[in-house]
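None of the figures in this text is laboratory data; all of them are computed from the coordinates on show. Note that the coordinates shown come from a computational prediction; the quantities given were computed from them, not determined experimentally. Glycine also receives a Cβ, built like all others from the backbone with ideal geometry; neighbour counts cover every protein chain displayed.
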Amino acid sequence: MSTEVHKHGLGEAYKRKEDARFIRGKGNYVDDVQLPGMLYGDIVRSPYAHALIKRLDISAALKVPGVLAVITGKDLEAAGLAWMPTLSGDTEAVLAVDRVHFQMQEVAFVVATSRYAAADGVEAVDVDYEPLPVVIDPKKALDQDAPLLRPDKKDRQPTNQIYHWETGDRSGTDAAFAEAAANGVVVQQDMYIPRIHPAPIETCGCVADFQKATGKLTVWLTSQAPHAHRTLFAIVAGLPEHRIRIISPDLGGGFGNKVPIYPGYVCAVVASLTTGHPVKWIEDRSENLGSTGFGRDYHIHAELAADKDGTVQALRVHTLADHGAFDAAAQPTKFPAGLFHICTGSYDFKHAFVDVDAVHTNKAPGGIAYRCSFRVTEASYLIERIMDTLAREVGKDPADLRLQNFIKPEAFPYRSSLDWTYDSGNYEAALRLAMKNVDYEGLRREQAEKRARGELMGIGISSFTEIVGAGPGKHFDIAGIQMFDSCEIRVHPTGKILARIGVQTQGQGHETTFAQIIAAELGMSPDDVDVEHGDTDTAPYGLGTYASRSTPVAGAATALAARKVRDKAKKIAAYLLEVGEDDLEWEPGRFYVKGAPGKGKTIQELAFAAYSNCPPYLEPGLEAVNYYDPPNLTYPFGSYICVVDLDRGTGEVHIRRFMAVDDCGTIINPMVVEGQIHGGLTQGLAPALYEELYYDEDGNIRGGNFQDYLIPTSMETPHWETDRTVTPSPHHPIGAKGVGESPTVGAPQAIANAVVDALAHVGVRHIDIPITPWKVWQVLNEHGLAAD
Amino acid sequence: MIPGSFDYVQANSVPEAVALLEQHGDEAKILAGGHSLIPLLRFRLAAPAVLIDINRIAGLEYLQETDGVLHIGALTREAALDVSPLIRTRYPILLDTSTGVADPVVRNWATVGGNLAHADPANDHPATMLALGARMVVVGPAGERVIPIEEFFTDATFETTLQPSEILTEIRVPAPTASSGGAYVKLERKVGDYAIAGVAASVTLDSGGLVTYAGIGLTNVGPTPIKARSAEQSLLGKALDDSSIHQAADLAAAASQPVSDMRGPVEYKRAMVRTLCVRALRKAHARATGQEEGGRV
Amino acid sequence: MSTHHISVTINGTVYEDDVDSRTLLVHWLRDHLRLTGTHIGCDTSSCGACTVLVDGKATKSCTMLAVQANGRQLMTVEGLEQNGQLHPIQEGFHEKHALQCGYCTPGMMLTSIALLQNNPNPSEHEIRVGISGNLCRCTGYVNIVRAVQYAAEKMRESAQVPVSAGEGGGQ
């Protein structure tokens, strides 16, 4: 239980240790790596969304000064590498052989002595394409006469449908809907969540260095999961795993973009193997947006059955999932739709049924990314939107409706009707705190006054439940590897610690927060604990950082490893103090004899003793490893309230105020938590109002660069207000739940709900995100509300 | 991402720049601020054989009001307008315009001259200069000439009446009178973007508050910058009230030729020309009558 | 393809080199001079990760040719710390947790320095305008504003000259 937590280190706004190098420009990102004899790779990409490759002529490219080689799909095919497995059980082309499936698909890999020569080489590769009919609309992909987009797997998948997945109690749900149709209320809502892209400011890339003399392949890689990538490289490339070293150095953001394996990585490895030189491949932004793992693209039909008074009974959701040309979505193997079935959210539904049909289209591959916790963004969006629709239907304030339907604190651990066991929660406390902070009653009064004057003000609520910390090995694996995580702690004789963990920060501050966990357990300063990760040669095996799993899983491993260290230190203390272990007490940093507090040994003294005066019945040294298989996921939650004012002339949405109350259980570092929330809220604002990647009917990508993919600047981003409640996780060693993705999960619908709320009085029930000015204006215009 | 090859030469004077243009013809492109040109080169959408860098030509960056004319050196950076007290107090329409160009870092290098000479209908200064009735001073092999702004843009996209070896050296804006005022209102998807639509309006009133001059320019709602002539005409001799403003706005919207794209559908853009024209005229009126000072930050 | 001999002063040190006409300033800094603190984040001059100071002006170094820097004075992130003393902006970013992954940070700091040189007492709004050409994906900007306010106050204190009040102070 978490009552054992020592406060020394936990809960402190400790300034970050990793800042020292970043503020000096001394971070070591993949593109900073420069090795002797290093070559550069650049990729020839298809301009067509769907086409046959009739002719590929690399002769002119080979004559470009500086170009040394051009690898083609046929070259890879000869080595059995033209296709690679994805994390979702599909296969994906590394380089196209005879057909391209999406605009920007990789067709050839040019290797040259400089970046500039490689780019010139790409321009000189000559490809003849024969365009094929393009499928962009996922509904059309299911038509009888739709072109088959993946003839390569037609034996096992004869249509464009990748899978059908369902869960829940279909008959109980149907019965509940029938009952509600007769005696209660049924609402439904179609919602489209468009394709968006995590777009970390650092794009993806690698430096692959195969050393013939040692047979070792070292890859500096933008990887959120270096060990998993190492194992996959070993399996896919047939290289011995002990001779592969993946190094994730510093990463400039990830947000799920750096979980998949991309063709550029494989090509760089092949190029290094064949040239005998290190090969660097760094994509540019257009390549990043146009070819790497996107998020969302869910067409959702949701229905909710309730009593006349708004008490929810049943939820039924059907989704069409557009995965693009290859199902390269990154999620635990047994959950093709991720954790989407958390969609009953914070409410006590008696019945629920969810099904997802996934299809291929001629778009870039992927599906699960962008701070989504494996589709929890989609799930939370749909439930929070349809709860508002229900509120309108039964004539209740959206806050009241939520309070009425929240899972009560005494119901935890709570088994949802879609089979999740929520560990702990207190949804009412979070919502009431948010309401108090914004003076909710006052806002509603203000809204009424403004409405009378024709001013459009809206208040939107999102009371989300997150589900993170994947996960228990019985159910959760990535490419077959159970989703445990790890920590290895080595205490040096002078009492300083070097710890290594199996997760991989991309800005979350692990070097500081994990040091704080250890420091808290051992009563030391986090200054005396250095945390490393990202090098698969030295870090213990872990599954990496995404879906907010680091604190729940590796954080637990870290606390438990530290406790093992403390347990051994206790044995040494008993030996040195010549008492039994039961006669010892612990205070932060020190064991002492019960009743004789003057007689004690500090952890530093015990560390030295481990090497210099170790009990003969113990191994010398002071180190511990823990591999942690979590017993459950964790369930952070929160309530967000957003206040908007609409410009009746332009349709612009102005966010006047945004209050975010989050509960992530025990807080390790409140400064880091607040920073995560600010950033996550901004990545929730973005899909709500700005970001969208789409394809025109010919399969041309739109929004595939930073001119048109609208990342919010400091001007679009409001001043975020945050607050906390603390409801620890009962099963986590320090009660912590994780927080990184909560704000991105919770925010978009708070904003969407606010806009709809501003227009609810004229009958508006839904506007699809991104809620652009023209979408709002169209609604205003239709209802005679457009003005100057 | 990586440009193709080209040669680079530096011009140290206007005559030298003209001579280089003559020498290289349409194989050459002028490099001023470079924040339109260099991105085009990086995407290999333009492939000039030689770049003529004019940034080192001394004496082309200035903001000076003399004898009823504001003289803007063609190389004047947008950032200079952003911080100029002269612009803020006497030409707030230009401050509205400069502060809306791209973002503040780009504005350290982007030039007013370049914003006009590039003739991108999405650029902001063309509409403002059309509204102000500015004059373009250009220098070529035949010497210096002055082109009124209404004759500067042709009806082809990205084209001006600059002759092949001419360069823009100065922009001349009539100084305001006691009762003139102007405003530029730009609607954008986010800061740093081109306009969904932009409207520049400049008016001069007589002592009775009737309009004696009206200039209205439109940004990014057609293949070229647009001068909304019928809208302008409709205001002459009238008081600026809701009725005349709305009528002018309707005419401005009718003069626009927007296309549907990532910045919005046609109907929306046209409606925005109307809305922004109303707002620009109201603001211009407030400035002309002393009710509002200065431009936006 | 012509090459040019350039002489550029960066953080007080003169660098001489021969560069191709088309070499972008950011590539020259990173790949040729190994000053890798300046980063590349996009290809449309939108993100500002490549921001350096050129003759005191914040400049997107991906949108300038190396040859254009000839004879000019540059400041990059590597030049901020002087004699073991951090620049107030570096201190502010650390104190206020204004960085997470660190990738936008050098550009963000250089833009902030130029902002404060031109406006020593900016309001929150002026700061947000000033950094609107620099994208951050991690921090949500709130702490960056706080860091700039911190640095502004430190710089005003050490300047020890009276400054006229801007539109009001910070948080």
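Within a Cβ distance under 12 Å of B:Pro225, other residues only, what is the Lys/Arg minus Asp/Glu net charge?
-4
Can you compute the charge dipole magnitude of chain B about its Cα centre, using +1 on each Lys and Arg Cβ and -1 on each Asp and Glu Cβ, nothing else charged? Give it in debye, rounded to the nearest 20.
My answer is approximately 820 debye.
Quick check: Cα centre of region A:42-118 to Cα centre of region C:5-79, how many Å?
Using only Cα atoms to place each centre, the spacing works out to 32 Å.
Enumerate the calculated ³J(HN,Hα) couplings along region B:239-249 in order (Karplus 6.51 cos²θ - 1.76 cosθ + 1.60, θ = phi - 60°), each rounded to whole Hz, writing x wherever the residue is Gly or Pro.
In residue order, the calculated couplings are 7, 8, 10, 3, 5, 5, 5, 5, 5, 4, 5 Hz.
Calculated FRET efficiency, A:Ala182 and A:Glu410, Cβ-Cβ r, R0 41 Å, to nearest 0.05?
Taking R0 as 41 Å, the efficiency between A:Ala182 and A:Glu410 is 0.80.
Where does region A:63-204 land on Rg(C-alpha)/(2.2 N^0.38 Å)?
Numbers: Rg = 22.8 Å, N = 142, 2.2 N^0.38 = 14.5 Å.
Rounded to two decimals, the normalised Rg is 1.58.
List the lysines whose Cα lies under 18 Å from the Cα of A:Lys153, skipping any in the same chain that are fewer than 8 positions away.
Filter leaves A:Lys363.
All other residues with a Cβ under 11 Å from the Cβ of A:His318 taken together, and with Lys, Arg as +1 and Asp, Glu as -1, what is their net charge?
-4
Once the dipole of the protein assembly as shown is set up with Lys and Arg at +1 and Asp and Glu at -1 on Cβ about the Cα centre, which of B:Leu276, A:Val94, A:Ala182 lies farthest towards its positive end?
A:Ala182
How big is region A:407-540 by the Kirkwood estimate over distinct Cα pairs, in Å?
About 19.7 Å, per the Kirkwood formula over Cα pairs.
Can you give me the C-alpha center-to-center distance between region B:21-63 and region A:535-600, rounded to a whole angstrom?
Between the Cα centre of region B:21-63 and that of region A:535-600, the gap is 65 Å.
Could you run the Karplus curve 6.51 cos²θ - 1.76 cosθ + 1.60 with θ = phi - 60° over region B:147-155 and give me ³J(HN,Hα) per residue in whole Hz, x for Gly and Pro?
10, x, 4, 5, 9, 8, 9, 8, 8
Antiparallel DSSP bridges in region A:616-763: what percent, to the nearest 5?
Antiparallel bridges make up about 75 percent of those DSSP assigns within region A:616-763.
What does the charge dipole of chain A about its Cα centre add up to, to the nearest 20 debye, if the Cβ of each Lys and Arg holds +1 and the Cβ of each Asp and Glu holds -1?
Roughly 1300 debye for chain A.
Report, in deg cm²/dmol and to the nearest 500, the calculated mean residue ellipticity at 222 nm for chain C, where each DSSP H run with n ≥ 4 adds -39500 (n - 2.57) and the sum is divided by the residue count.
So the helix-based figure for chain C works out to -8500 deg cm²/dmol.
Identify the trypsin sites (Lys or Arg not before Pro) of region A:538-613 meeting these criteria: DSSP loop state and at most 15 other C-beta atoms within 10 Å of the C-beta. Walk me through the numbers before you get to the answer.
Numbers: sites: A:Arg549, A:Arg563, A:Lys564, A:Arg566, A:Lys568, A:Lys570, A:Lys571, A:Arg590, A:Lys594, A:Lys599, A:Lys601; in loops: A:Arg549, A:Lys594.
Sparse-neighbourhood loop trypsin sites (Lys or Arg not before Pro): A:Lys594.
Can you find, among B:His285, A:Leu560, C:Met109, the residue sitting farthest towards the positive end of the charge dipole of the protein assembly as shown, where Lys and Arg contribute +1 and Asp and Glu -1 at Cβ?
The residue sitting farthest along the positive end of the dipole is A:Leu560.
Using the charge dipole of region A:621-677 (Lys, Arg: +1 at Cβ; Asp, Glu: -1 at Cβ; taken about the Cα centre), state which of A:Tyr635, A:Met659, A:Leu622 has its Cα farthest towards the positive end.
A:Met659
Return the Cα extents of the protein assembly as shown along principal axes one, two and three, sorted largest first, each rounded to a whole Å.
Here the Cα extents, ordered largest to smallest, are 100, 77, 74 Å.
What do you get for Rg/Rh over region A:591-658 if you use C-alpha atoms and the Kirkwood form of Rh?
Answer for region A:591-658: 1.52.
Using the Cβ atoms and a cut-off under 12 Å, what net charge is assigned to the surroundings of A:Pro687, where Lys and Arg are +1 and Asp and Glu are -1?
-2
How big is D for region C:1-155, in µm² s⁻¹ as a whole number, if Stokes-Einstein is applied with the Kirkwood radius of its Cα pairs at 25 °C and 0.890 mPa s?
Roughly 156 µm²/s, to the nearest whole number.
In square nanometres, what is one fourth of the surface area of the convex hull spanned by the alpha carbons of region A:641-788?
Dividing the Cα hull surface by four gives the mean projection, 11.5 nm².
How do B:Asp242, A:Asp645, A:Asp42, A:Asp155 line up, fewest other C-beta atoms within 10 Å first?
A:Asp155, B:Asp242, A:Asp645, A:Asp42
Could you work out the relative contact order of chain A? I mean the mean sequence separation of Cα pairs under 8 Å and 6+ apart, divided by the number of residues, in percent.
16 percent.
Hey, got the Cα dimensions of region A:596-700 along the principal axes, in Å, largest first?
Principal axes ranked by extent give 81, 44, 25 Å for the Cα atoms.
Determine the distance separating the Cα centre of region B:204-230 from the Cα centre of region A:422-495; give it in Å without decimals.
51
Taking the Cα centre of region B:137-193 as origin and charging only Cβ (+1 Lys, Arg; -1 Asp, Glu), how large is the dipole, in debye to the nearest 20? Walk me through the numbers before you get to the answer.
Working: 5 positive and 9 negative charges, 60 e Å.
Roughly 280 debye for region B:137-193.
Output the Kirkwood hydrodynamic radius of region A:523-567, Cα pairs only, in Å rounded to one decimal.
Hydrodynamic radius (Kirkwood, Cα pairs) of region A:523-567 is 12.1 Å.
Expressed as a whole percent, how much of the Cα-Cα distance distribution for region A:42-129 exceeds 19 Å? Display every interim value, and only then the final one.
On the way: 1461 of 3828 pairs.
Percentage above 19 Å: 38.
Over the Cα atoms of region A:229-360, how large are the radius of gyration and the largest Cα-Cα distance (Dmax), in Å?
Rg, Dmax (Cα atoms, Å): 20.8, 72.
For region B:146-297, what class follows from the C-alpha gyration tensor (a ≥ b ≥ c being the square roots of its eigenvalues): rounded when a/c is under 1.5, otherwise prolate if a/b is larger than b/c, else oblate?
Details: a/c = 1.65, a/b = 1.19, b/c = 1.38.
Note, shape of region B:146-297 comes out oblate.
In bins 10 Å wide, starting from 0, what share of all Cα pairs of region A:708-776 does each bin hold, as a percent?
14, 36, 27, 18, 5, 0
For chain B, what does the helix formula give at 222 nm: sum of -39500 (n - 2.57) over DSSP H segments with n ≥ 4, over the residue count, nearest 500 deg cm²/dmol?
Rounded to the nearest 500, it is -9000 deg cm²/dmol.
Along region A:34-43, what does the Karplus equation 6.51 cos²θ - 1.76 cosθ + 1.60 (θ = phi - 60°) give for ³J(HN,Hα), rounded to whole Hz, x for Gly and Pro?
After applying 6.51 cos²θ - 1.76 cosθ + 1.60, I find 9, 10, x, x, 5, 9, 10, x, 8, 10 Hz.
Please give the FRET efficiency for A:Thr167 paired with A:Thr538, using the beta carbon to beta carbon distance and R0 = 35 Å, rounded to the nearest 0.05.
On the way: r = 40 Å, r/R0 = 1.15.
Once the sixth-power term is evaluated, E becomes 0.30.
Above 14 Å lies some portion of the pair distances; for region A:91-165, what is it as a whole percent of all C-alpha pairs? Working shown, then result.
Numbers: 1956 of 2775 pairs.
Roughly 70 percent, once rounded to a whole number.
Let me have the 222 nm mean residue ellipticity of chain A computed from DSSP H runs of 4+ only, each contributing -39500 (n - 2.57), with the sum over all residues rounded to the nearest 500.
-8500 deg cm²/dmol
Can you pull the mean other chain C-beta count within 10 Å for peptide B:97-108?
Mean partner shielding for this stretch: 6.
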